[in-house]
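S.K.: Below are the structure tokens for one structure; questions will follow.
Only the coordinates and a few stated rules stand behind these numbers; no lab work does. Predicted, not measured: the structure shown is a model, and the values here were computed from it. Here Cβ is always computed from backbone atoms with ideal geometry, including for glycine, and neighbour counts include all displayed protein chains.
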Amino acid sequence: MSKPTLEELFTAEESPLLGFAYSFVRRREIAEDLVQEAFCRLHQHWATVENPRAWTYRAVRNLCLSWIRDHKREIKLEDDQHNTTPDQKNPTPDHATAQLEATGLVRAFLAELEPRDRELIYLKYTQDLSYSEIAKQTELSISNVGYKLHHLLRNLASSLRQAGITDSQG
């Protein structure tokens, strides 16, 4: 797989990255600023970046997490105005930040996978296809689909544990 140009990457990933950033910061203008900053940083490091898609997702995630940490008091005040009691449906800002960080890590790790491996996860968990249906689409055997998904998920779980994510709550 050859490295895309910066323009090709921007065209292909700007909209998904905006959604990714928005899922963290919940403000369109902030998400736009952070994605723009990530592309500016990518431009500065372009010559040394081997996987620009994964690099950009990590950069956006890191910029979002930094923004959240820097604006935690502001986010808490907004949440206090809308929520009277924190619970699982209305998590505390710290809990919400941990969940967003875990989600960001999953997306970053997925971005680093080979396209074929990402496709398997997409077909199984986004399209909700059976192993048999995935096998037909990918021309793999059913047992190979199961084997690959098992190892992909095991490696993803291991990466998340190494990053300090130990449960589904972040």
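S.K.: Test of understanding: ordering Y57, Y147 by Cβ neighbours within 10 Å, fewest first, what list do you get?
M.R.: Values: Y57 24, Y147 12.
Fewest-to-most Cβ neighbours within 10 Å comes out as Y147, Y57.
S.K.: Given 10 °C and 1.306 mPa s, compute D for region 116-170 with the Stokes-Einstein relation, Rh being the Kirkwood radius over Cα pairs; round to the nearest whole µm²/s.
M.R.: Numbers: Rh = 11.9 Å.
It comes out at roughly 133 µm²/s.
S.K.: Using a Förster radius of 25 Å, what is the FRET efficiency between Q127 and A163 based on their Cβ-Cβ separation? Nearest 0.05, please. If you can, show how the numbers build up before the last one.
M.R.: On the way: r = 27 Å, r/R0 = 1.07.
It comes out at approximately 0.40.
S.K.: A follow-up question, please. Mind ranking 40-48, 61-69 by how tightly packed they are, going by the mean number of other C-beta atoms within 10 angstrom, highest first?
M.R.: By packing density, highest mean first, the sequence is 61-69, 40-48.
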